[in-house]
Structure formats: structure tokens, C-alpha cells
1. Within segment 53-61, does at least one residue satisfy the condition of being at pLDDT below 95, under 13 Å from the mean Cα position of the chain (by Cα) and not in a helix (DSSP H, G or I)?
2. Looking at segment 23-52, which of the residues that are surrounded by 14 or more Cβ atoms within 10 Å (Cβ to Cβ) and part of a helix (DSSP H, G or I) is farthest from the chain's Cα centre (by Cα)?
């Protein structure tokens with residue numbers, strides 16, 4: 001599965017609800033085509049360290065996630 005968004009260089013990769021909407025569509029497709037109870041695990045880099053996104057994944061979509069944070073930045 002591939003999802004791409006073209007944006008200007010002035011917009012962050014996690015601008016607005018872009019990431020959240022993409023993940024919602026992907027989760028919906030996986031559960032529809034594969035199994036409604038399949039374990040889904042999303043891995044993020046530090047650019048997607050976002051409490052609202054994490055809340056959506058955990059509470060709304062019921063998927064696991066792993067992320068990192070670079071404390072030196």
C-alpha cells in the first residue's frame with residue numbers, strides 16, 4: 001500500500017490532518033480486505049510526534065504505534 005501527498009517545502013510532513021487521514025484510510029482498507037481484528041502497528045519518526053495523532057490511533061482506530069524522539073533537537 002502506498003499513499004503519497006505532494007506539498008510545498010514550506011509545509012511539515014505532519015501538517016494539518018494529512019497523516020491522520022492517510023492512516024485512517026489505510027487501517028480501514030486493511031481491516032476490510034484482510035481481517036477486522038488484525039493487529040496493526042504504525043512506526044513513526046520524530047516528525048510525527050503528535051498527541052492528537054497518538055490519541056486517534058489509540059482510542060479511535062485501536063492500533064499500536066512506535067515513535068522516537070530526538071531530544072538533542
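1. Scanning segment 53-61 turns up no residue that is at pLDDT below 95, under 13 Å from the mean Cα position of the chain (by Cα) and not in a helix (DSSP H, G or I).
2. This residue is 31.
The values are calculated or read from the model by the stated rules, or taken from the named source; none is laboratory data. None of the values given here were measured: they were computed from a predicted structure. All Cβ positions, even for glycine, are placed from backbone atoms using ideal geometry, and neighbour counts span all protein chains on display.
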